[in-house]
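Participant: Just passing along the structure, written as structure tokens.
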């Protein structure tokens, strides 16, 4: 659908988007449990027809996705690089947690090898990002950035 009429200046659109994103991030940071509940409810509705064999795998994935989304909802620090890392670490950790579920429950050896590669490479990238902003390596995102701020 095309926008009819004069287009708002790019700077206004960008500023509006930035304000909306900031409001969303702030809201997510302040309402972590309700966000986790919301994500779990969405996933549960989609996965309601799963077999009992698949349920443990899906439960681990729902948990990983919920935790990832909640932890990505940071309060902006004013340091773009630090905020980037604060959001990317739980994103990568979510991928690790989901890959571990594939390793535990999956049957396809090719996918299990890929899942193992995901675990290794995402852990390396977490360490590299933490090193780049001077944060201690090997800690979960919330522990690192709560102490650093």
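The values are calculated or read from the model by the stated rules, or taken from the named source; none is laboratory data. These numbers were taken from a predicted model, which means no experiment stands behind them. Cβ atoms come from the backbone with ideal geometry, glycine included; neighbour counts cover every protein chain shown.
Participant: Can you tell me which residue within the range 76-94, out of those that are without any contact (Cβ under 8 Å) to a residue 60 or more places away in the chain and over 21 Å from residue 125 (Cα atoms), is surrounded by the fewest Cβ atoms within 10 Å (Cβ to Cβ)?
Facilitator: 78
Participant: Would it be correct to say that residue 102 is surrounded by 18 or more Cβ atoms within 10 Å (Cβ to Cβ) and either modelled with pLDDT of 90 or more or in a loop (DSSP other than H, G, I, E, B) (or both)?
Facilitator: When the stated conditions are applied, residue 102 passes them.
Participant: For residue 107, work out the one condition from (1) crowded, with 17+ Cβ neighbours inside 10 Å; (2) outside any helix (DSSP H, G or I) it doesn't fulfil.
Facilitator: Only one criterion is unmet by residue 107, namely (1).
Participant: Within the range 128-140, can you find the residues that are modelled with pLDDT of 95 or more and surrounded by 15 or more Cβ atoms within 10 Å (Cβ to Cβ)?
Facilitator: Of everything in the range 128-140, those that are modelled with pLDDT of 95 or more and surrounded by 15 or more Cβ atoms within 10 Å (Cβ to Cβ) turn out to be 129, 130, 133.
Participant: Identify, from the list 48, 52, 40, the residue that is surrounded by 13 or more Cβ atoms within 10 Å (Cβ to Cβ) and at pLDDT 70 or above.
Facilitator: 40
Participant: Moving on. If we scan the range 19-27, do we find a residue that is assigned to a helix (DSSP H, G or I), in contact with a helix residue (DSSP H, G or I) (Cβ under 9 Å, 6 or more places away or on another chain) and modelled with pLDDT under 90?
Facilitator: The answer is yes, given that some residue of the range 19-27 is assigned to a helix (DSSP H, G or I), in contact with a helix residue (DSSP H, G or I) (Cβ under 9 Å, 6 or more places away or on another chain) and modelled with pLDDT under 90.
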